[in-house]
Amino acid sequence: MTRTAEDLLQELLAVDESHRIEAKRASQIDRSVMETVVAFSNEPGLSGGHLLLGVERDPQDLFGTSYRVTGVADPDKLQSELASQCASMLNRPVRPRISVETVRGKTVLVVFVPEAAAAEKPVYLSRLGLPRGAFRRVGSTDQQGSEDDLVALYAGHQIETFDGAVLPDTDLSDIDPSAVQEYRRLRERANPSADELAWSDEELLRSLSAAVRQGDELRPTVAGLLLFGTGPALRRCFPMMRIDYIRVPGRQWVEDPEHRFDTLEVRAPLLAAIRRAEGAVRDELMQSFSLPEGALAREDEPALPLRVIREAIVNAVMHRSYRIHGAIQIIRYANRLEVRNPGHSIKAEEQLGEPGSETRNPRIAAVLHEVNVAETKGSGIRAMRELMQAHDLLPPTFESTRRPDQFVATFLFHHFLGPDDLAWLRALTAETLSDEEARALVVVRELGAIDNAAYRNVNRTDTLNASVQPAPAARPGPAGHEGQRQPHLLRARPWLPARGAGARGLPHPPARRTNPPGRSTNPPARRTNPPAQPTNPPGTGTHAHRARPAPARAGHPAPTSRAASVGARPVQLEAAQRPRAGEPAGAS
C-alpha cells in the first residue's frame, strides 16, 4: 500500500532507513536508485518498499540520524526517467507507483515498488546479469546477488541447489561404505522400522539424493561426497572443507605473536565431523565446578550447555556455503565461544529463531534431520537462546554479513548480573538501569562493541525498540556509490571500566568472576584467564574527552542516545565500523 510522504518522513526520523524505506536526494535517476528498485522487487516476503526522492540525511546532524527535505527541481522529468529505466534497464519491466507530494513546502516523489511475483524473479539489471545484477534488500542496504541468493529468488521455479550438483572426476568409488553404515546405524536408532534400512547401498544413496544416474553410471552428488565421501575424495574435491577448533588464550584474535593459538582440525564426512567437533569442544571447553549443599561429590558442568554446543556446530555444518572454499571455525576465547561458517544466513537476520527453516543445502539438511541431528524447523536458534537464558547466561548473538560472506554465532561464558556485575554497573551510574540496558553494557564490556542486531539478540526485542544508537551517516560504498552504508556499532570508549577497573575516580569494583559465587571457572591445574589486558588501545590516553552533543535546531531537539547517556554519568560510546580490530577477517 502506498504511504504518504509525511508518514514516511516521520518514520525515517524515528527509526532511520529500514528494509522497507529508502531516502535519496535523487537529482537524477542513477544506478543507486535502480539498485533499490531491483532489491525491493526481489526480496521474498517483503511485499515491496518505498523510495522517498527529494530527502537526504542532514549533513549538519552530529549523529547522522536526522533527515532534511531538499525537494526535486523537475518532478515530471524525474518521473519520466524512472518509468523509462524501470522498463528498459531490467530483464523484465517493473511498474512502480509514483506520486508527487509537497512536504514542508518542497516537492518530493513517493515511489512504491511492489514485490515481483515468484515466477517473475529474479529481477536484475541487464547490464550486470546474474547473479550480480539481482540485488536484494538486506536491512537498509541493497546487496549484490550471489549464487546462493538465486536459490531463494528462484523459489517459484524448479532450480537445482549446489548440494545436488555432480562434480567432474567423481564416481561411486569416492563413497566410503563405513560412512554409509554409520548413517544406517543412526537411522535405525532414530526409527528402527524405516523402510530404507532394507535397501541396498545404491538404492539408499539414490533415495537420499547422494547419487544420481548419468547415462549408465551412478555418480555421487556434492551432498553424497560431503556426507559419505572417502578421505581422498574430500581432500580432492573440497580441500578446505574441515572444522577447525581453535583455542585462543586471551580475548583477542592475536594477542601473543609468539604463541597465537592451538588448533585441532577435523576432516571427515559430515556425520562423523559433527560428532568429533562436538566432542573436542565438550572435552576441552572450560569447566565450572560446584559442590551442591549436602552433596558428597563435586558435580562437573560445562561452561555452556551441551545442547547449545551441538546446535551451534550442526547449524554451521547444515547452513554453510560449500561453494566457498573455507573452513568452519570454532574459536574458544577466554570469555566466549565463537562459531564462524562461510556463507551468510539465507533467512533474514530479524527472523532468526522464528518458525520455518531456509537452507541452501536441502539434501544435507534432510539427512541430518532423518538421524535426529537437526530438526529443520527453524527451532535451533530459539533453542540456543532459551537454553542460555535457562542457565543464567547472556543470550547468544548472531551476525550475518555478506562482506565477508559469513555467519558468526557468539556465546559468552558469563552468568548475567551476579554481584560483581552489579558492582561494575554501579561504578557507571547511580541511577537504576533496566535489564535491557544492563545486558547491553555487559556485552560492550565483554566484546568491546554492540550493534542493533546484537542488542535485539540479547534482549529479544524488535528493531524499533533496539534503536539504542543513532544510525550511521551515508558514506560512499566500495564502488563509490553514494548512500551505501556499512554496519556500525556502539564501541566502548577507552575509559569504560574493564574487568576490575573503575570509571574516572570511582571505586574499583571487585574482580569479576565468570560464574556465580561458589563456582570456580577453572578445573584443576588449568588457568582460563590471560594476564590483565590494558583498557586503552595503543596511542590513546586514559582520559577520554566526553563527546559534545549536537546543537539543537529549531523544531528538532538535540539528538541523544539512551545507551550513550545512562543516568547522570554518561557511558561514553562511539560509532565504529566492522570488523573489530584484532578479530579474524573471516572463515575462508
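For the stretch 209-253, filtering for residues that are under 27 Å from Ala334 (Cα atoms), among the aliphatic types (A, V, I, L, M) and out of contact with any strand residue (DSSP E or B) (no Cβ under 8 Å at 6 or more places or on another chain) leaves 2. Taken over the stretch 1-13, the criterion of being outside any helix (DSSP H, G or I) and either β-branched (Val, Ile, Thr) or open to solvent by less than 10 Å² (accessible area, probe 1.4 Å) (or both) is satisfied by Thr2, Thr4. Does Tyr124 count as within 26 Å of the chain's Cα centre (by Cα), closer than 19 Å to Asn42 by Cα and at pLDDT 95 or above? Taking the combined requirement at face value, the residue satisfies it. Filtering the stretch 83-110 to residues that are aliphatic (A, V, I, L, M) and closer than 15 Å to Ala23 by Cβ leaves Val103, Val108, Leu109, Val110. Taken over the stretch 16-62, the criterion of being surrounded by fewer than 20 Cβ atoms within 10 Å (Cβ to Cβ), more than 28 Å from Glu358 (Cα to Cα) and of a type in the set (A, V, I, L, M, F, W, C) is satisfied by Leu62 alone. For the stretch 405-413, the criterion of being touching a residue at least 24 places away in the same chain (Cβ under 8 Å), over 23 Å from Ala303 (Cα atoms) and among the acidic types (Asp, Glu) is met by at least one residue. What about Gly145, is it small (Gly, Ala, Ser) and touching a Lys or Arg at 6+ places or on another chain (Cβ under 7 Å)? Answer is yes for this residue.
So in the stretch 367-399, with the set limited to residues that are surrounded by 21 or more Cβ atoms within 10 Å (Cβ to Cβ) and of a type in the set (Gly, Ala, Ser), which one is modelled with the highest pLDDT? Checked the stretch 367-399; the qualifying residue modelled with the highest pLDDT is Ala374. Taking Val69 as the residue in question, decide whether it is more than 22 Å from Val138 (Cα to Cα) and either open to solvent by less than 50 Å² (accessible area, probe 1.4 Å) or not small (Gly, Ala, Ser) (or both). Here the answer is yes, as Val69 does meet what is asked. State whether one or more residues within the stretch 420-427 are over 28 Å from Arg360 (Cα atoms), out of contact with any Asp or Glu (no Cβ under 9 Å at 6 or more places or on another chain) and either among the polar types (S, T, N, Q) or part of a loop (DSSP other than H, G, I, E, B) (or both). Checking the stretch 420-427: at least one residue is over 28 Å from Arg360 (Cα atoms), out of contact with any Asp or Glu (no Cβ under 9 Å at 6 or more places or on another chain) and either among the polar types (S, T, N, Q) or part of a loop (DSSP other than H, G, I, E, B) (or both). Taking the criterion of being in contact (Cβ under 8 Å) with a residue 40 or more places away in the chain and open to solvent by 30 Å² or more (accessible area, probe 1.4 Å), the residues of the stretch 416-446 that qualify are Pro419, Arg426, Ala430, Glu431, Leu433, Arg439. Residues considered: Val110, Val100, Val151. Of these, the only one that is within 29 Å of the chain's Cα centre (by Cα) and not in a loop (DSSP other than H, G, I, E, B) is Val151.
The values are calculated or read from the model by the stated rules, or taken from the named source; none is laboratory data. All values reported here derive from a predicted model rather than from experimental measurement. Every residue, glycine as well, gets a Cβ built from its backbone with ideal geometry; the counts of neighbours run over all protein chains shown. Ligands, DNA and RNA are stripped out before the accessible areas are found, and what is left, the full protein with its side chains, is counted by its heavy atoms. Shrake-Rupley method; radii C 1.70, N 1.55, O 1.52, S 1.80 Å.
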